[in-house]
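The values are calculated or read from the model by the stated rules, or taken from the named source; none is laboratory data. Computed from a prediction, not measured in an experiment: that's the story for all the values here. For neighbour counting, all protein chains shown are included, and Cβ atoms are generated from backbone atoms with ideal geometry for every residue, glycine included.
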Amino acid sequence: MSPRPGFVLETDRATPPTLFWHGEGWRLERLPPGSRIVYPPEPMEAVADPDEAVRQALAHPLGDSEPLADLLRPGMRLTIAFDDVSLPLPPMRPPDVRQRVIEAVLELAAAAGVDDVVLMAALSLHRRMTEAELRHALGHRVYEAFAPHGLLLQHDAEDPDGLVHLGCTDAGEDVEINKRAATSDLIVYVNINLVAMDGGHKSVATGLASYRSLRHHHNVRTLQHSRSLMDEHRSELHTSNWRMGRHIAASGIKVFQIETTLNTDTFPSQFAFLQRREWEWSGRDRATYLATSASLARTPARLARSIFHSIRSPHALTSVQAGEVEAVHARTLEHVHRQHVVPVEGQTDILTMGLPYICPYNVNSIMNPVLVMCLGLGYFFNLYRGKPLVRAGGVVIMSHPTPWEFHPVHHPSYIDFFDQVLAETTDPLEIEAKFEESFATDPWYVHLYRTSYAYHGVHPFYMWYWGAHALQHLGAVIVVGGDVAAVRRMGFKPASTLRDALEMAADVVGPDPSVTHIHAPPLLLADVE
Amino acid sequence: MNRLLRRAVQPGFPWTAPQWPPSLPRPLPPSSLGAGYDTEWARREPVRVARAVLMDSVARGAVKVLASPRVSGLDRIAGLEAPAIFAANHASHVDTPLLLTALPARFRHRSAVAAAADYFFDRRWKAALWAFAINAIPVERARVTRRSIGQAVGLLNEGWSLLIYPEGGRSPDGWAQAFRGGAAYLSVHTGLPVVPVHVEGTHRILPRQGRRIRPGHTRVTFGAPIRAHQGEDTRAFASRIETAVAVLADEGATDWWAARRRAAQGTTPRLTGPRAGSWRRAWELEDRSPGRRAQERPGSWAL
């Protein structure tokens, strides 16, 4: 049976309660009758033979690119860059799609006699990946063949000797990327397109760039004009990245892009109920829900977190395409849209969302309050094309425990950002003007980013900017079940129950408001007419 | 502890199976059950006689004891020729025997009841039981299918009246749900009138999640037959049927004149109840209880 498309359910009083993620747990909430619930499409069917699909993609590239085998020759410098730990979410069951693709690329490189090969994690300003994470993404074979010889690198955006400035775009944007990549005869970029935002020129222009370059598009103005981040044709972030990508190509740097798409089979069978529509829950699903809810309520937060972060997703490959960046990305988007798009008629006064335990920046880590904001207002809010799901002046209600807790190794600058910056202001423009520079250039944060496993000093600012469009658009943000002090620190309103939150929201949007809930994850993309 | 106790007494989802949203199609077993169940045998002469005996003896007596019905508005359908489509609000399994026994004999013994294919016809024994007892015909509530509509239209054309619940299922809390287009569609396609009917009080006798029958008072109010206007579409007609039932509900809760005035002003209370929290809805519903009114109105016992 082919997967069923996503759809919008209008609730009535007989509709069973709806699943809301709530950090390391979930809740069943009853929405007012007449509310809409946007359900994602079911996971698409996987390609039957993923390894063969990869080989075919490399042999039959899109755009004006030659087959990869023809681009490889002895004596050349080859850099294989790949997406970091932020994709996919949750991490997928081995073998990871990066391992499949990189092994196929290396097979061809070996056959062509290419000796100078370096693998590079395209970290941008993210934290470095641990050995376990690299092994998971690349597989033991690849890791052990490259890491011991220093040929498995992680992009360092603060290495003064490891970057090269390629000049400026027509719009005056600095283009500065990794030197090893820039001086290679060929960059093969191995991407995972989990959502429409990923991939394209963003892969190299962001993944291998420096702060000097990133600041041209990771800023408040650009992100306020990215409507949405999932719609590259209406996203300033993408426009800027595309300018940079074309500049990189014009500088003589050749990129062979390999993009993969995954289906939304997000959770293993033990948690099958999480991606099933509530009225289709079997007796087993209900029993699992009750048992897991009861156990999680009695589980210490740290243990619950480690249990959730050990989840390996059964994501399956739905397409792989390779060749010239823009031609590849156009095909990739078709596949992403086929998996994610749900038509939705009209906007809503109140948008509700249950936020899960994970976002791209807390894999094997803690979902701190800034990341909660980023996931809700940066990602979930932006899961639209056309118009935002919620009207201007509307309210977003997020459900998440929002603990005032930070990972001291991964997110050191977040701690100071939360304590010092947000205590003074939550206005993105003011934050950018007054504080960004000092955090971005702080030698201690730079040191931790380069040598430890810390996100860059400026990263919490980017997370805050990610929600800048939402902050500008919304009348209020309410967090259900969150740490009251942490929620207030971010300028949001705390509520203990969804019902309270809806009442509070009605004070902002007026009585008898329309309510829409995004039933995610699994992810979706609302096509709002 | 209280929560546990409440759950034990009144378990809801996920302790019990969820209800399928009525607006969504439900995959039915690929068999002769569901909408595919053939009820033709239930309208043969011997079965009809057996059903009439059952209806006029057992069902009538049981309804009288359990539901103490007060039936009004029969004068409005006194001159109406069969067949007709009776469209009522739906709060309980008691509604069907109550309405069938309240109907005048010319309708009662030649009526079919539109019943949810996914609920009443999902097991062979259930399908046979309901086809025999109330002459139920399977109707898919999630979508209009050629088969179930064709069967209903065929019966109406053969002179059978039809009792249909346009809400598509029983109310979860006693207040009605929005009416769907089934009754209106059948009326438009057959040219037959729709008789709006309001039933009050059955929710307290056997609510949707209830497992025990509690005898109580009920009220059945028949309205004047209505037909679709020239060019009126199904949706608009369905809305008019809902309004007609709401006026009958208002008439039962107040009086005919007050209800008519409110209807003329467009201020008839919504059939779906106030947009308020669950306790306020329950509170207001209690005010409309036929039993309560009978107790509170001096002299009403003597009528």
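Points worth noting:
- When B:Arg106, B:Arg6, B:Arg26 are checked against the criterion of being modelled with pLDDT under 90, within 14 Å of another protein chain (Cβ to nearest Cβ) and surrounded by fewer than 21 Cβ atoms within 10 Å (Cβ to Cβ), a single residue qualifies: B:Arg26.
- All conditions in (1) within 26 Å of A:Pro33 (Cβ to Cβ); (2) part of a helix (DSSP H, G or I); (3) modelled with pLDDT under 90 hold for B:His189, with the sole exception of (1).
- Test: B:Ala87 is on the phi < 0 side of the Ramachandran plot and outside any helix (DSSP H, G or I): yes
- Scanning the stretch B:142-169 for residues that are within 14 Å of another protein chain (Cβ to nearest Cβ) and surrounded by 24 or more Cβ atoms within 10 Å (Cβ to Cβ) gives B:Tyr165, B:Pro166, B:Glu167.
- Tabulated pairs, the stretch A:9-23, first more than 23 Å from A:Pro343 (Cα to Cα), second hydroxyl-bearing (Ser, Thr, Tyr) and buried (at least 21 other Cβ atoms within 10 Å of the Cβ), C-beta under 8 angstrom, 6+ apart or interchain: A:Arg13/B:Ser171; A:His22/A:Ser399; A:Gly23/A:Tyr357; A:Gly23/A:Thr402
- Each residue in the stretch A:475-503 was checked for being touching a residue at least 40 places away in the same chain (Cβ under 8 Å), within 21 Å of A:Leu31 (Cα to Cα) and away from chain B (no Cβ under 14 Å), and 10 pass.
- Test: B:Ala82 is surrounded by 13 or more Cβ atoms within 10 Å (Cβ to Cβ), in a loop (DSSP other than H, G, I, E, B) and more than 21 Å from the chain's Cα centre (by Cα): no
- Within the stretch B:161-214, the set of residues being in contact with an Asp or Glu (Cβ under 6 Å, 6 or more places away or on another chain) and over 20 Å from B:Pro21 (Cβ atoms) comprises B:Val199, B:Thr202.
- Residue within the stretch A:396-418 that is over 16 Å from the mean Cα position of the chain (by Cα), closer than 21 Å to A:Leu524 by Cβ, in a loop (DSSP other than H, G, I, E, B) and modelled with pLDDT of 95 or more present: yes
- Verdict on A:Gly482 being small (Gly, Ala, Ser), within 30 Å of A:Tyr384 (Cα to Cα), surrounded by 22 or more Cβ atoms within 10 Å (Cβ to Cβ) and in contact with a strand residue (DSSP E or B) (Cβ under 7 Å, 6 or more places away or on another chain): yes
- Residues being more than 17 Å from the chain's Cα centre (by Cα) and not hydrophobic (A, V, I, L, M, F, W, C) - total across the stretch B:211-230: 8
- Matching residues, the stretch A:8-47, being within 12 Å of chain B (Cβ to nearest Cβ) and in contact with a Gly (Cβ under 6 Å, 6 or more places away or on another chain): A:Tyr39
- Those helices (runs of 4 or more DSSP H) lying entirely in the stretch A:181-300 with at least 2 residues under 24 Å from A:Ser65 (Cα atoms) and free of Cβ contacts under 8 Å to residues at least 40 places away in the same chain: A:236-250
- Some residue of the stretch B:254-266 being part of a loop (DSSP other than H, G, I, E, B) and exposed (fewer than 12 other Cβ atoms within 10 Å of the Cβ): yes
- Residue count for the stretch A:45-65, restricted to those that are hydrophobic (A, V, I, L, M, F, W, C), surrounded by 19 or more Cβ atoms within 10 Å (Cβ to Cβ) and over 25 Å from the mean Cα position of the chain (by Cα): 2.
- Summed over the stretch B:90-118, the residues that are assigned to a helix (DSSP H, G or I), under 30 Å from B:Arg26 (Cα atoms) and either among the hydrophobic types (A, V, I, L, M, F, W, C) or touching an Asp or Glu at 6+ places or on another chain (Cβ under 7 Å) (or both) give a count of 4.
- Only listed residue being under 19 Å from A:Phe406 (Cα atoms), at pLDDT 95 or above, buried (at least 24 other Cβ atoms within 10 Å of the Cβ) and touching a Leu at 6+ places or on another chain (Cβ under 9 Å), chosen from A:His459, A:His517: A:His459
- Qualifying positions in the stretch A:435-459 - touching a helix residue (DSSP H, G or I) at 6+ places or on another chain (Cβ under 8 Å) and farther than 30 Å from A:Glu131 by Cα: A:Phe435, A:Glu436
- Here the stretch A:12-37 is the region considered, the condition is being assigned to a loop (DSSP other than H, G, I, E, B) and among the hydroxyl-bearing types (Ser, Thr, Tyr), and the residue that is surrounded by the fewest Cβ atoms within 10 Å (Cβ to Cβ) is A:Ser35.
- Filtering the stretch A:136-171 to residues that are closer than 27 Å to A:Ala440 by Cβ, touching a residue at least 24 places away in the same chain (Cβ under 8 Å) and among the small types (Gly, Ala, Ser) leaves A:Ala157, A:Gly167, A:Ala171.
- Top-ranked residue of the stretch A:447-463 - restricted to ones that are of a type in the set (A, V, I, L, M) and farther than 18 Å from A:His218 by Cα, ranked as nearest to the chain's Cα centre (by Cα): A:Ala454
- The residues on offer are B:Gln177, B:Gln209, and the sole one that is within 14 Å of chain A (Cβ to nearest Cβ) and either crowded, with 24+ Cβ neighbours inside 10 Å or under 19 Å from B:Leu103 (Cβ atoms) (or both) is B:Gln177.
- One residue alone among B:Arg204, B:Arg219 is outside any loop (DSSP other than H, G, I, E, B), charged (D, E, K, R) and in contact with a strand residue (DSSP E or B) (Cβ under 6 Å, 6 or more places away or on another chain), and that residue is B:Arg219.
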